[in-house]
Every structure is written in C-alpha cells, then in structure tokens.
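Following: one structure in structure tokens, then a few remarks.
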Amino acid sequence: MSIPYLIQRMYCLDEPCSGTGIDQFHEFKYMGAAEFEFGTLNKNLKLMREHTEEMSVHAIDCTPISSDTPLFYAGRDEEVELCQSVLEAEKTGKPIRLKEALWPKYAIQGKEKRLNGWWAVHNGMMRIRADAWIPFAFFLNERHAEKWLELL
C-alpha cells in the first residue's frame with residue numbers, strides 16, 4: 001500500500017462558519033497552491049464520498065505520540081493500519097516524508113492551538129489507481145470526526 005502524498009492539516013470548528021458542506025466546520029490550512037489549484041482536495045473528497053457506506057469513526061491508538069490521548073479516525077477499516085504507521089513514524093523522530101509536516105504532537109500538547117484534524121489525500125496530479133487506499137481523516141476530537149463523515 002502506498003503512503004499518502006500529503007496529509008492536509010485542518011482546523012475543525014465547533015460552530016458553523018459561512019462555508020457550505022465540509023467547509024462549514026473544517027478550515028484547511030493553506031499548504032501549497034497545487035492542492036487547491038489543480039483540484040486535488042475535490043478529487044479526494046469525491047473518492048471518499050463514493051465509499052461513505054464503508055466508513056466509520058473510532059478511537060485509534062495514539063501511543064506513538066501521546067500515551068493518554070486517543071485520536072479519532074474517520075474512514076474505512078482497511079486504511080487504519082496506514083494511518084497508524086504514519087503516526088508510528090512520527091514517534092521515531094523520522095516521520096514519513098510527506099509534502100508537509102503533520103505536527104500531531106504539537107497539537108496534542110496544545111502548542112499548535114487551532115490544529116485538530118488531518119486529512120490524508122492522494123496526489124491530484126496523477127491518476128488514482130483502482131486498488132489504491134481511500135482517503136481518510138483523523139482528529140483530536142470524536143465530535144469533529146463524526147461531523148466530517150456526516151458532511152461527506
């Protein structure tokens with residue numbers, strides 16, 4: 001299974017803002033023009049919507065980052081292991097090379113105040129293979145994970 005190209009950092013809101021759909025409760029940190037200009041996020045959102053019946057929310061072991069703070073995974077069971085391998089690499093101090101840094105440890109420790117969600121996406125510049133993993137997200141808060149799936 002290939003690793004994510006990018007894990008998009010998110011700020012999840014408790015109250016809706018002026019956006020629509022996912023944008024009402026999730027602000028995406030601007031991480032590079034290509035993801036926005038070439039429709040990468042839209043393509044990944046569409047792919048997730050094709051698999052919503054297979055998705056659920058559950059706590060995942062975050063021991064690599066924090067022994068007492070779970071993260072809440074929103075996606076298919078098939079990708080949980082991939083998500084945990086990314087987190088395990090963060091623990092080693094040799095994170096998987098993604099387009100951008102994740103900073104989950106800083107978010108859990110409260111050093112990155114607004115960061116509370118992450119969305120693993122495929123590179124929109126290439127065709128996504130039929131057998132590829134399906135994009136997934138993980139959050140500091142179960143409520144945000146549930147809202148993510150609700151709005152897909």
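Checked against (1) part of a loop (DSSP other than H, G, I, E, B); (2) at pLDDT 90 or above; (3) not polar (S, T, N, Q), Met31 passes all but condition (2). For the range 89-111, residues that are of a type in the set (S, T, N, Q) and assigned to a loop (DSSP other than H, G, I, E, B) total 1.
Which members of the range 133-152 meet the condition of being assigned to a loop (DSSP other than H, G, I, E, B) and either buried (at least 23 other Cβ atoms within 10 Å of the Cβ) or hydrophobic (A, V, I, L, M, F, W, C) (or both)? Lay out the reasoning, then the answer.
Our first condition is that a residue be assigned to a loop (DSSP other than H, G, I, E, B); within the range 133-152, this holds for 133-135, 140-141, 152.
Scanning the range 133-152 gives Trp133, Ile134, Pro135, Leu140, Leu152.
Out of all the residues in the range 112-126, which are in contact with a helix residue (DSSP H, G or I) (Cβ under 8 Å, 6 or more places away or on another chain) and assigned to a loop (DSSP other than H, G, I, E, B)? Within the range 112-126, Glu112, Leu115, Asn116, His122, Asn123, Gly124, Met125 qualify.
Can you spot a residue in the range 7-27 that is in contact with a Lys or Arg (Cβ under 7 Å, 6 or more places away or on another chain) and either modelled with pLDDT under 80 or farther than 19 Å from Glu142 by Cα (or both)? No: zero hits.
When Arg49, Arg76 are checked against the criterion of being surrounded by 14 or more Cβ atoms within 10 Å (Cβ to Cβ), under 19 Å from Leu149 (Cα atoms), basic (Lys, Arg) and modelled with pLDDT of 90 or more, Arg76 stands alone in meeting it. Against the conditions (1) within 24 Å of Leu151 (Cβ to Cβ); (2) over 14 Å from the mean Cα position of the chain (by Cα); (3) modelled with pLDDT under 80, Ile96 satisfies every one except (1).
The values are calculated or read from the model by the stated rules, or taken from the named source; none is laboratory data. Since we're looking at a predicted model, the values are computed, not measured. Reconstructed Cβ throughout: ideal geometry from the backbone, glycine too, with neighbour counts over all protein chains shown.
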